[in-house]
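Quick notes on the structure that follows.
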Amino acid sequence: MPDDKLRVAVAKAKAKYTVAWWEPDHDPKEMAYYQLNEPILLVNFGDFHVALEKLLGRSIWSHEFAVCLTELREEARRTRMGKPYSAQEKAQAIELGMQRLQERLGGNVVTVENTPEDPEGNARLS
């Protein structure tokens with residue numbers, strides 16, 4: 001997108017809000033929630049990714065943004081309402097992301113599981 005069109009898109013996106021959640025001093029969890037529901041990226045993606053992990057209390061794999069956006073939004077909504085996913089639901093969300101990635105790639109996906117006993121992830125490849 002050309003710079004002038006990008007500036008206009010960002011200005012229109014920001015005009016929708018009464019709270020400047022994209023400002024650096026804003027609560028990161030709130031920023032993550034709003035950015036997750038905003039189609040125009042208004043913050044640094046790395047900052048957003050880290051903040052979303054804090055909000056959801058789990059690792060977010062980059063591919064989840066592409067293949068599980070609706071599910072991430074639901075998980076964030078529930079968390080914000082004080083009903084965060086259980087450990088089992090978080091594991092299921094990660095598994096769903098891997099399944100969708102595999103479907104999209106049309107083949108096998110190699111995952112490496114790191115554990116405290118095996119921090120390098122050598123024990124299990126699947």
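Could you tell me whether any residue of segment 9-21 is touching a helix residue (DSSP H, G or I) at 6+ places or on another chain (Cβ under 9 Å), closer than 20 Å to Y85 by Cβ, surrounded by 15 or more Cβ atoms within 10 Å (Cβ to Cβ) and in contact (Cβ under 8 Å) with a residue 12 or more places away in the chain? Checking segment 9-21: not a single residue is touching a helix residue (DSSP H, G or I) at 6+ places or on another chain (Cβ under 9 Å), closer than 20 Å to Y85 by Cβ, surrounded by 15 or more Cβ atoms within 10 Å (Cβ to Cβ) and in contact (Cβ under 8 Å) with a residue 12 or more places away in the chain. Give me the residue from segment 69-97 that is of a type in the set (A, V, I, L, M, F, W, C) and touching an Asp or Glu at 6+ places or on another chain (Cβ under 9 Å) and, out of that set, modelled with the highest pLDDT. Among residues in segment 69-97 that are of a type in the set (A, V, I, L, M, F, W, C) and touching an Asp or Glu at 6+ places or on another chain (Cβ under 9 Å), the one modelled with the highest pLDDT is L72.
Might you check whether a residue that is assigned to a helix (DSSP H, G or I), surrounded by 10 or more Cβ atoms within 10 Å (Cβ to Cβ) and either touching a His at 6+ places or on another chain (Cβ under 6 Å) or modelled with pLDDT of 95 or more (or both) occurs anywhere in segment 35-44? Scanning segment 35-44 turns up at least one residue that is assigned to a helix (DSSP H, G or I), surrounded by 10 or more Cβ atoms within 10 Å (Cβ to Cβ) and either touching a His at 6+ places or on another chain (Cβ under 6 Å) or modelled with pLDDT of 95 or more (or both).
Taking the criterion of being exposed (fewer than 12 other Cβ atoms within 10 Å of the Cβ) and closer than 19 Å to W21 by Cα, the only residue of segment 55-93 that qualifies is M81.
The values are calculated or read from the model by the stated rules, or taken from the named source; none is laboratory data. It should be emphasised that the depicted structure is a prediction, and the values quoted were computed from it without experimental measurement. Virtual Cβ from ideal backbone geometry, glycine too; neighbours counted across all protein chains shown.
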